[in-house]
1. What cysteines in chain B have no other cysteine with a beta carbon less than 4.7 Å from their beta carbon?
2. Which percent, nearest 5, of DSSP beta bridges in the protein assembly as shown are antiparallel?
3. Could you put A:Phe195, A:Phe187 in order, starting from the residue whose Cβ has the fewest other Cβ atoms within 10 Å?
4. Name the residue from B:Phe59, B:Leu70, B:Gly91 whose Cα lies farthest towards the positive end of the charge dipole of the protein assembly as shown, charges +1 on Cβ of Lys and Arg and -1 on Cβ of Asp and Glu.
5. Based on the alpha-carbon gyration tensor of the protein assembly as shown and its eigenvalue square roots a ≥ b ≥ c, which shape applies: rounded if a/c is under 1.5, prolate if not and a/b is larger than b/c, or oblate?
6. Give me the mean projected area, in nm² to one decimal, of the convex hull enclosing the Cα positions of chain A.
7. Return the sequence-ordered ³J(HN,Hα) values of the range A:35-51 in whole Hz as given by the Karplus equation 6.51 cos²θ - 1.76 cosθ + 1.60 applied to θ = phi - 60°, using x for Gly and Pro.
8. When you look at the Cβ of every residue in B:30-36, what mean number of other chain Cβ atoms sits within 10 Å?
Amino acid sequence: MHKIKLGKMELDSPVIPASGVFGYGDELKGLIDYKKIGAIVTKTLTIKERKGNPQPRIWELENGLLNTIGLQNIGVERFCEEKLPVIKKLKKPVIVSIGGETDDEILLCLEYISKKDIEAIELNLSCPNIAGRNLISENPEATYNIIKQARKITRSFLIAKLSPNVTDVGETGSAAEEAGTDALCAFNTFKGLTFDWKNHKVILGGVSGDAIFPLSCRLVHQLYQNVSIPIIGIGGIHSPETGLLMILCGATIIGIGTSLMINPDLPGEILNEIKKYKKEKNIKKWDEIVGRKARFF
Amino acid sequence: MGNEIEHKIVRIKEKKIYKEKFCFLTTENRFLSNPLPGQFIHIRIESVFLRRPFSIAEFSSKTMSIFFQLKGKGTSSLSQKNRGENIDVIGPVGNSFPYERFKENILVVAGGIGIAPMIFLSSELLKTKKKFSFFHGAQNKNSLLNFFLPEGISPVIISTDDGSKGKKGKITDILEDYLKKEKVDVIFASGPYFMLKKTAEISTRFNIPCYVSMENRMFCGTGVCQGCVIETKDGFQKVCTDGPVFDAEQIRWKDIPYA
Ligand SMILES: Cc1cc2nc3c(=O)[nH]c(=O)nc-3n(C[C@H](O)[C@H](O)[C@H](O)COP(=O)(O)OP(=O)(O)OC[C@H]3O[C@@H](n4cnc5c(N)ncnc54)[C@H](O)[C@@H]3O)c2cc1C
Ligand SMILES: Cc1cc2nc3c(=O)[nH]c(=O)nc-3n(C[C@H](O)[C@H](O)[C@H](O)COP(=O)(O)O)c2cc1C
């Protein structure tokens, strides 16, 4: 259908799952049509197994979700032993997301995973659910530094996943680009708050889903005008139109998180919308559609 | 487990509302593999953002039913759907009650709307000719829900908190008295948190294996998001796909906030 080039990868589709709603890659085989997604994206893995945050972790909002999962995962080693061989068989590019509480943890994890045969590594520099630190990608200098170090460790295709909680995404995006990342993933969840009325407690977490689409799409639009590397646009995509719009605003490929669980058919529906648009506007090449509505003329 | 999670649009074949508080909804069954007793479906309801989980209460080659209590916005809108309308379901999800291992002296305990998966379980127990007793408890006679049970279960022991029908008292008190007198090989329980917790305590005291169907807030309902985990002796386990049925001994009851 639409073969999209991302580094050396050739994606069958510009739609991919977002990290954290796709498990370790093969759990949803009966549910999601893997032909309609361009790659497999894993839950963020850390050097050691993480237990994650206490219950409850899921807070339903009017038009979205606030989560406080806290990166529960089985650790990168177990992933490579138990899961990687299984997902390799699915014949899709594999994007492994990695993270950690400190730069060192992230880099250790990177060292480990970069020795494996995978197509791309996503550095999660933006999870709002790990306590006691500012997010790396909230600070351009910290973003630059970790990517610079990561670049020394690996020549694999590197994606930096950014936080939307900054004054100027152009600045963090440019810092990541300058330090040598191959692509940007924009964005992780927005920091948000809800209230537990039963226990009268404030709950802090990451907001995703429909409600954040106008926010993240605007930031992708802005980012596109500041960087020249590919952007994976993520945040609140929930319909064929919002999927297409994210691409028109600058995303080379798009990721779906929350809505994939609400509507597992969404990737196919978005592909149809893109096809229709391309035909209507007589678009032949993918480059012509990406950022079409975000360019300076 | 064997059966894969599927995504289907199914037509509503029948709807019955009881006492303005409970709804029995039957749809066509389009799953490729047969659900097991204890498994649930995850339903999309337009008026609320997240899908809602409901145990499979009845199942045949042509139909599938759920039985639910009207709690909030989601269940209220679902109960307003009519025959002929479609609903969007994901399923069957989760594990099942391990009934195959037992032959007789099985005790099924259902508190309130917790009876839903136990209707399906009872049908399977009857089909496989296992010997079991069925306990059902509710607050009062108006909230008893045993009228959907398949025929042929014996005995069905009813209790109400206020004694308006059946034995008077909490279902767990009746259970305790029963265990003092009768031989029981296994307990399968479903119902509110406190009832399950108490049932677990009693089963430990009497040294009887006990399996409970747990609930939690859920997002994906497919095992990928880690949202619905509960504390067990093996660490966090997902209610959706590691459960919903757990060995009661495995659960760290005091660490589970009830919602
Ligand atoms: C595996 C499984 C199987 C189930 N099977 C059945 C079944 O067969 N029959 C049945 O009747 N029910 C069943 N349930 C429960 C059912 O899913 C819920 O009753 C239903 O989701 C309620 O949805 P609602 O929109 O009507 O209520 P909501 O308005 O969503 O409220 C649901 C509950 O969520 C909690 N909650 C939500 N937000 C907050 C907040 N901000 N602060 C504090 N508390 C909050 C509250 O305790 C509230 O009672 C099952 C649940 C699970 C997990
Ligand atoms: C339950 C849940 C878990 C998530 N876990 C991760 C994660 O492990 N790593 C990560 O980079 N992003 C994680 N995210 C963020 C998503 O990948 C995505 O960036 C965000 O949810 C916004 O997209 P959406 O609105 O389409 O969900 C998670 C999101 C949710 C809802």
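1. Cysteines of chain B left without a disulfide-compatible partner: B:Cys23, B:Cys210, B:Cys228, B:Cys240.
2. Values: 54 of 101 bridges.
Antiparallel bridges: around 55 percent, rounded to the nearest 5.
3. Working: A:Phe195 11, A:Phe187 30.
Ascending Cβ contact count within 10 Å gives the list A:Phe195, A:Phe187.
4. B:Phe59
5. Values: a/c = 2.30, a/b = 1.88, b/c = 1.23.
Prolate, because a/c is 1.5 or more and a/b exceeds b/c.
6. Values: hull surface 59.1 nm².
Result: 14.8 nm².
7. The phi angles translate into 5, 8, 10, x, 7, 9, 10, 8, 4, 4, 9, 10, 4, 10, 4, 10, 7 Hz.
8. Numbers: counts 0, 0, 1, 1, 0, 0, 0.
Whole-number average of other-chain Cβ neighbours for B:30-36 is 0.
Read-outs: derived from the displayed coordinates by stated rules, not from any lab. Predicted, not measured: the structure shown is a model, and the values here were computed from it. Glycine gets a Cβ as well: all are built from the backbone with ideal geometry, and neighbour counts include every protein chain shown.
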